[in-house]
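Have a look at the structure below, then the notes.
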Amino acid sequence: FEGDQPGNAADPLAELRRGVARAFALTVRDPQVRRVFEIALHKTEYVDELQVVRDRRVAFREECMLDMERMFAAAKATGQLAQAVDPPAAARGAHALIDGLLSNWLLDPQAFDLEAVGRQAVEAYLAGLTAPTAAGSRQPLRKPSPSRHGGRAVTPSTGRKHGLRTEA
């Protein structure tokens, strides 16, 4: 995520990484953005009188999906993704991952570092979509930089937390 240059049309996956990293950073660091996400994801009941709000949220989601689909299609065209990757399906999967990370972090911000874990999860997801190199292996992932969360370093480890493996 770090070091990507803005507006790099030759690298659509870098554009995607930048956008996701920005969303995670804003959620963590900006209390107003966090409140908006908390309300939208956890405190809104879409009853009849709030149908307009639901419709707006669905329209925004679809706009994001189309943006991601465009990025995945461009990445496939440039050979960054395997030819078998279906851009609409890749966009749905990425959206589910991002939405799930945001939703779970908002429920319990102390459970994990949204920026570090989000970066690792997105990298792992993208690794599953990347085109094999000539040697038949996947394109290498960038190692996430260590970050701090709650006074502890967040880096890949071999330990377990909440019954899940935390190694990369």
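Points worth noting:
- When 89, 21, 10 are checked against the criterion of being modelled with pLDDT of 95 or more, loosely packed, with under 15 Cβ neighbours inside 10 Å and on the phi < 0 side of the Ramachandran plot, a single residue qualifies: 89.
- Segment 56-73 residues that are within 16 Å of residue 93 (Cβ to Cβ), paired with ones that are β-branched (Val, Ile, Thr) (beta carbon under 8 Å, 6 or more apart): 72/85
- If the condition is being surrounded by 11 or more Cβ atoms within 10 Å (Cβ to Cβ) and either in contact with a Pro (Cβ under 7 Å, 6 or more places away or on another chain) or at pLDDT below 75 (or both), then segment 40-67 contributes 40, 41, 44, 46, 50, 53, 54, 57.
- Within segment 98-118, restricting attention to residues that are over 14 Å from the mean Cα position of the chain (by Cα) and open to solvent by 30 Å² or more (accessible area, probe 1.4 Å), the residue that is nearest to residue 36 (Cα to Cα) is 107.
The values are calculated or read from the model by the stated rules, or taken from the named source; none is laboratory data. Remember, predicted model here, so these are calculated numbers, not experimental data. Methodologically, a virtual Cβ is constructed for each residue, glycine included, from the backbone with ideal geometry; neighbour enumeration extends over all protein chains shown. Remember, those area values only see protein heavy atoms, side chains included, never the ligands or the DNA or RNA. Shrake-Rupley method; radii C 1.70, N 1.55, O 1.52, S 1.80 Å.
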